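Read-outs: derived from the displayed coordinates by stated rules, not from any lab. Remember, predicted model here, so these are calculated numbers, not experimental data. No Cβ is skipped: glycine too gets one built from the backbone with ideal geometry, and neighbour counts run over all protein chains shown.
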Amino acid sequence: MGIKFFGQYLIERGEVNAEQVRAALNLMDAENRSIGELAVEGRLISEADADKVNAEQRHRDMPFGELAVEMGLLDEEQIDNLVQLQWRTRLRIGQALVRLKHLGKVRLEELLISYEEEQAPYRIENLALPAGLENNALAPFVLDLFPNLLMRVARIATRMGSGEPIVEPPDFPVQVGVSVSGESGLLICLVGDEAFSRRVAAKASGLDAERLDMEMLVDGVGEFLNVLAGNAMALAERNGISMELEPPQAEIDFESGFLFELAVNIGNAALFLKPL
């Protein structure tokens, strides 16, 4: 079975093909707008102000709206209106496939029900920490923050599987980790192919993805992990847990730990956590 997006599910069932899913995704990219884009289009803020908020999101795990309010660029009522507008106008992949006449409305409803039933075990609320991580105070914060932060920083959608004890080192060209030492020490490692890693590194660093060499790519992924670990540490420290973040590292010890399967919409990747 395995964790997957709805588009992958449809392809595996033979309902649509990969080219049709790509066409639907392109239609979604063309029509769907972020809160920042809607605010600019509605002339509530300037593009320069939206860029400032987006830049701040690379360092802080906060939605665009919350940061914009904190920075005095928008008020709560404006954000509420923008969120409602985004929800009303957002095109989902199933709707896009129907509009492109690759899928019928009735069949879409049937498939959505079966998809939700199959993927229920992978919903965040149904995922339990594997034995070996259940007593680590930092791990739950990392796992909770990761999908949202990856979307906010890199615009990569993620579905996360349950962690499994690692059997062999993951076969990905890019492997970057950060170690958090202290009462609840944890190695947080992100591994991925070049497409995924290049996107993360470019968005985290603000540099052109095509100009990143391997060293810059590793540094960019490391910067993303610094933000992830920093935000998780801040939450843990509210409970009186003292920790310290070490510099990113490219040489990872995979002899023990837990690998979390990721379904991402760009490339392939996995998250690795190891108690220290």
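Here is the list for segment 13-115: trypsin sites (Lys or Arg not before Pro) lying in DSSP coil, each with at most 13 other C-beta atoms within 10 angstrom of its C-beta, are R13, R43, R90, K101.
Counting every alpha-carbon pair across segment 1-73, the share separated by more than 16 Å comes to 61%. The Cα-based radius of gyration of segment 92-166, divided by its Kirkwood radius, gives an Rg/Rh of 1.11.
A cut-off under 9 angstrom between Cβ atoms defines the neighbours of R155, and their net charge, with Lys, Arg +1 and Asp, Glu -1, is +3. Taking one equal scatterer on every alpha-carbon of segment 154-203, how large is log10 of I(q)/I(0) by Debye at q = 0.17 1/Å? Values returned for q = 0.17 Å⁻¹ are -0.70. Which one of E47, E56, E19 has the biggest mean-square fluctuation once the chain is modelled by GNM with Cα springs under 10 Å? Its mean-square fluctuation being the largest, the pick is E19.
As an equivalent ellipsoid, the chain spans semi-axes of 31, 26, 18 angstrom, where each value is the square root of five times an eigenvalue of the C-alpha gyration tensor, largest first. The share of Cα pairs per 5 Å bin across segment 117-260, counted from zero up to the longest distance, runs 2, 9, 18, 22, 22, 16, 8, 3, 0 percent. For segment 168-245, the alpha carbon positions stretch 43, 33, 15 Å along the principal axes, listed from largest to smallest. The phi torsions of segment 177-188, fed into the Karplus equation with coefficients 6.51, -1.76 and 1.60 and a -60° offset, translate into couplings of x, 10, 9, 10, 9, x, 4, 10, x, 7, 8, 10 Hz, rounded to whole numbers, with Gly and Pro shown as x. Computed from the C-beta positions of A48 and R92 and an R0 of 45 Å, the FRET efficiency is 0.90 to the nearest 0.05. Helix content alone sets the calculated 222 nm mean residue ellipticity of the chain: runs of n ≥ 4 DSSP H residues at -39500 (n - 2.57) each, divided across all residues, give -15000 deg cm²/dmol. Among the GluC sites (Glu not before Pro) in segment 153-241, those placed in a DSSP loop whose Cβ has at most 16 other Cβ atoms within 10 Å are E183. Residue-normalised convex hull volume from the C-alpha trace of segment 41-179: 205 Å³ per residue. Sparse packing (at most 15 other Cβ atoms within 10 Å of the Cβ) combined with a DSSP loop state is found for the following trypsin sites (Lys or Arg not before Pro) in segment 142-213: R155. Of the residues A201, A39, A232, which exhibits the maximal mean-square fluctuation in a Gaussian network model of the chain defined by a 10 Å Cα contact cut-off? In this elastic network of the chain, the residue with the biggest mean-square fluctuation among A201, A39, A232 is A39.
Of D61, D171, D193, the residue with the greatest mean-square motion in the GNM of the chain, using alpha carbon springs below 10 Å, is D171. Among complete DSSP H helices in the chain, those whose alpha-carbon atoms stretch at least 27 Å along the helix's long axis and whose mean Kyte-Doolittle hydropathy reaches -1.0 are 214-237. Taking label points 7 Å from Cα along the Cα-to-Cβ direction, E118 and E244 give a separation of 4.9 nm. Bridging of K105 to lysines at a Cα separation below 26 Å is possible for K4, once same-chain residues fewer than 8 apart are set aside. Annotation: segment 53-102 has a Kirkwood hydrodynamic radius of 12.8 angstrom, from the mean reciprocal C-alpha pair distance. Basic side chains Lys and Arg get +1 at the Cβ, acidic Asp and Glu get -1 at the Cβ, and with that the dipole of segment 133-207 about its Cα centre reaches some 540 debye.
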